[in-house]
Amino acid sequence: MICVVGLGYVGLPLAVRFGLTEKVIGFDINSERIEELSKNIDSTGELSAEELEKADIVFSTNPKSISDSDFIIVAVPTPIDESKQPDLRPLLSASKIVGQNLKPGAIVVFESTVYPGCTEGDCVPVIEKESGLSCGTDFKIGYSPERMNPGDKVHTVDKVVKVVSGMDAESLDLIATKYEKIISAGVHRADSIKIAEAAKIIENTQRDINIALMNELKIIFDLLDIDWRKVIEASVTKWNFLEFSPGLVGGHCIGVDPYYLADISKRLGHSPEIILAGRKINDYMAKYETSRIIRLMIDKDIKIKGAKVVILGATFKPNVSDIRNSKVCDVAHELASYGCEVNIYDPHVKEMKIFGYDNEEIESPDFVVKAVNHDIFEESRYDYGIMDS
Ligand SMILES: NC(=O)c1ccc[n+]([C@@H]2O[C@H](COP(=O)([O-])OP(=O)(O)OC[C@H]3O[C@@H](n4cnc5c(N)ncnc54)[C@H](O)[C@@H]3O)[C@@H](O)[C@H]2O)c1
């Protein structure tokens, strides 16, 4: 039997996919999450009630529910702390729970995004200590990074090639065969767990750096008073130009994962230049865009102090409801620090307040900032200000 530990954006779709072919235990420490899932409700909006209903999953907060499983997938968060260092607490706590409830002979596959070496160096010792079992003889370990894209109904779990790895040939084979059953796009067998970990982390690091370059170019083009969109429109006509757009980089992956790579790199004696420069510029963009908004308001003779500003969109990317690590939060706080009266309007977010601001459209705002390109805003009654990227 399969057990998925951590039923968030990554774990739940996986559990549901496996639940179409075999019985699955879905374990999470969040009792509210388990309660909603037991009623076939997914508040992340990734899966419908029908999809949940079709899957053979028993949801539980009881760690003992893990103990009958011979294939355990761990998909818990890997955030950073306030000083932008990897915060492994959820991962280590999940490893502890798995260790305390591990059936001899089981395979544990980690899906959480980590730096190369973390699965074997950080998680395995915890599992061994808690279980009293020995990795390699009593249980096996593997790593298979998740590439899902929340809100994307095209590149769903089954349609993207899955990188799989195992601690030895036997475990690799078992893990690959398991995933092949649910991934129609097939699997890529990585040579080692470290290679699979590294493959995932560079996908997001590369994306972060490419966006950082576009952000820096945008700043230069703003100074030159030329439209970055028109520049890119011209540049993409060359076959090998890579098309990226500037923007606020938030969320729990692109803006976080490079710090995991930077951390292991520094610990090994190399302080990464490009990776951290990319992070620095992307983190600066909220401040930069706010200063542009203020300048534009001054140009339009809008009195800054007390100006009613509506920010359209709060999520970290278009057409999702996830506001975790969204840089729109920084823009809102920056504007408020200038004395603006800020409202955020995001119909994808169900809460009445977002980052402490009322979530509502208001009559006759002084200025409107379109921060997230939700499709729904195409119909909006407002004229937009800037940041409509
Ligand atoms: N969301 C994405 O788009 C995405 C894509 C690829 C990779 N990832 C990676 O996958 C991992 C999971 O991300 P996510 O977005 O699904 O996170 P999430 O926050 O949506 O879900 C994680 C779930 O794990 C649960 N959890 C936390 N600690 C636990 C524990 N000790 N035991 C059991 N459950 C626990 C939480 O309650 C939550 O329901 C992260 O490493 C992330 O970087 C995410």
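Structural remarks
- Single match in 45, 8 (criterion: within 22 Å of the chain's Cα centre (by Cα) and open to solvent by 40 Å² or more (accessible area, probe 1.4 Å)): 45
- Extreme residue, surrounded by the fewest Cβ atoms within 10 Å (Cβ to Cβ), among residues of segment 333-354 that are of a type in the set (D, E, K, R) and assigned to a strand (DSSP E or B): 353
- In the set 163, 154, only one residue is free of Cβ contacts under 8 Å to residues at least 40 places away in the same chain and open to solvent by 30 Å² or more (accessible area, probe 1.4 Å); that residue is 154.
- Contact map, segment 325-342: residues that are assigned by TED's automatic domain parsing to the domain that holds residue 285 paired with residues that are of a type in the set (Phe, Trp, Tyr) and open to solvent by 20 Å² or more (accessible area, probe 1.4 Å), Cβ distance under 7 Å, separation 6+ or inter-chain. Pairs shown: 325/316; 326/316; 329/355; 332/355; 332/357; 342/357.
- Restricting 77, 63 to residues that are in the same structural domain as residue 175 (by TED's automatic domain parsing), near the ligand (Cβ under 9 Å from one of its atoms), surrounded by fewer than 17 Cβ atoms within 10 Å (Cβ to Cβ) and not small (Gly, Ala, Ser) narrows the list to 63.
- Matching residues, segment 114-131, being touching a Ser or Thr at 6+ places or on another chain (Cβ under 6 Å) and surrounded by fewer than 23 Cβ atoms within 10 Å (Cβ to Cβ): 126
- Considering only residues in segment 93-109 that are open to solvent by 60 Å² or more (accessible area, probe 1.4 Å) and over 9 Å from residue 67 (Cα atoms), the one that is nearest to the ligand (Cβ to nearest atom) turns out to be 96.
Let's see how each residue does on (1) of a type outside the set (Ser, Thr, Tyr); (2) open to solvent by less than 30 Å² (accessible area, probe 1.4 Å):
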residue: 272; (1), (2): yes, yes
residue: 280; (1), (2): yes, no
residue: 285; (1), (2): yes, yes
residue: 290; (1), (2): no, yes
residue: 294; (1), (2): yes, yes
residue: 298; (1), (2): yes, no
residue: 305; (1), (2): yes, no
residue: 308; (1), (2): yes, no
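- Selection within segment 166-201: residues that are at pLDDT below 95 and crowded, with 16+ Cβ neighbours inside 10 Å. The member of this set that is farthest from the ligand (Cβ to nearest atom) is 182.
The values are calculated or read from the model by the stated rules, or taken from the named source; none is laboratory data. Quantities reported herein were computed from a predicted structural model and do not represent experimental measurements. Backbone-built Cβ (ideal geometry, glycine too); neighbour counts: all protein chains shown. Accessible surface areas use protein heavy atoms only, side chains included; no ligands, DNA or RNA. Shrake-Rupley method; radii C 1.70, N 1.55, O 1.52, S 1.80 Å.
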